[in-house]
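The values are calculated or read from the model by the stated rules, or taken from the named source; none is laboratory data. As the structure is a prediction and not an experimental result, all values here were calculated from the model. Here the Cβ positions follow ideal geometry from the backbone for every residue, glycine too, while neighbour counts run over all protein chains shown.
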Amino acid sequence: MPQYFLTIPHESAEEPTMESMQEFDPAELEAVMAAVDKFNSDLKEAGAFVTAGGLQPPSTAITVDASGEEPKRTRGPFVEAAEYVGGFWIIDAPDEEKALTWAEQVSAALSSRIEVRALQEAAE
């Protein structure tokens, strides 16, 4: 079954973390967390959940390049961008339409855009 990568874009000017989310209105934060928990439960009940997670902001990234003679580690993201991936789900879905339906559900739960991309499958 194809797998799809659902991502949550964030503005680079903002770097929300679990700590900074505590500054949100507690009732709103609780409602969003409950909606995401329900979405995750629905994915699991449907057998579509593979994994999910939130990412630390780009300012915490370390880019590793071992393609030369000496490995290099550079603090910061590998590219400057107006937006970045803040969190993700990898789901199993029979087709793109079902993946988009799941994305619509989590988009509504988060009041956020969701990008959907299929993972590459092995060549036959």
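Being part of a helix (DSSP H, G or I), of a type in the set (Ser, Thr, Tyr) and either exposed (fewer than 11 other Cβ atoms within 10 Å of the Cβ) or under 17 Å from the mean Cα position of the chain (by Cα) (or both): is that true of residue 112 here?
Working: part of a helix (DSSP H, G or I): no; of a type in the set (Ser, Thr, Tyr): yes; either exposed (fewer than 11 other Cβ atoms within 10 Å of the Cβ) or under 17 Å from the mean Cα position of the chain (by Cα) (or both): yes.
So residue 112 does not fit the description; no.
Being over 24 Å from residue 3 (Cα atoms), among the hydroxyl-bearing types (Ser, Thr, Tyr) and part of a helix (DSSP H, G or I) narrows it down to one of 107, 59, so name that one. Can you show your working first?
Numbers: 107 fails: over 24 Å from residue 3 (Cα atoms).
Answer to the selection: 59.
Taking the conditions exactly as written (more than 23 Å from residue 96 (Cβ to Cβ), surrounded by 13 or more Cβ atoms within 10 Å (Cβ to Cβ) and either touching a Cys at 6+ places or on another chain (Cβ under 7 Å) or not β-branched (Val, Ile, Thr) (or both)), does residue 66 satisfy them or not?
Values: more than 23 Å from residue 96 (Cβ to Cβ): yes; surrounded by 13 or more Cβ atoms within 10 Å (Cβ to Cβ): no; either touching a Cys at 6+ places or on another chain (Cβ under 7 Å) or not β-branched (Val, Ile, Thr) (or both): yes.
Judged against the criteria, residue 66 is not a match.
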Within the stretch 36-56, considering residues that are among the small types (Gly, Ala, Ser) and assigned to a strand (DSSP E or B), the one surrounded by the fewest Cβ atoms within 10 Å (Cβ to Cβ): 53
Matching residues in the stretch 62-92 - criterion: being over 23 Å from residue 120 (Cβ atoms) and aliphatic (A, V, I, L, M): 62, 82
Residue match in the stretch 21-30 (condition: hydrophobic (A, V, I, L, M, F, W, C), surrounded by fewer than 12 Cβ atoms within 10 Å (Cβ to Cβ), under 18 Å from the mean Cα position of the chain (by Cα) and assigned to a helix (DSSP H, G or I)): no
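Would you please name the residue that is nearest to residue 6 (Cα to Cα), looking only at residues in the stretch 69-80 that are loosely packed, with under 12 Cβ neighbours inside 10 Å and of a type outside the set (D, E, K, R)?
Of the residues in the stretch 69-80, the ones loosely packed, with under 12 Cβ neighbours inside 10 Å are 69-75, 79-80.
If we keep only those that are of a type outside the set (D, E, K, R) too, we end up with 71, 74, 79.
Numbers: 71: 31, 74: 27, 79: 20 Å.
Step by step, filter the stretch 69-80, then rank; the result is 79.
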Conditions (1) more than 14 Å from the chain's Cα centre (by Cα); (2) in contact (Cβ under 8 Å) with a residue 12 or more places away in the chain; (3) surrounded by fewer than 11 Cβ atoms within 10 Å (Cβ to Cβ); number of the one not met by residue 96: (3)
Hey, residue 49 at pLDDT 95 or above and aromatic (Phe, Trp, Tyr) or not: yes
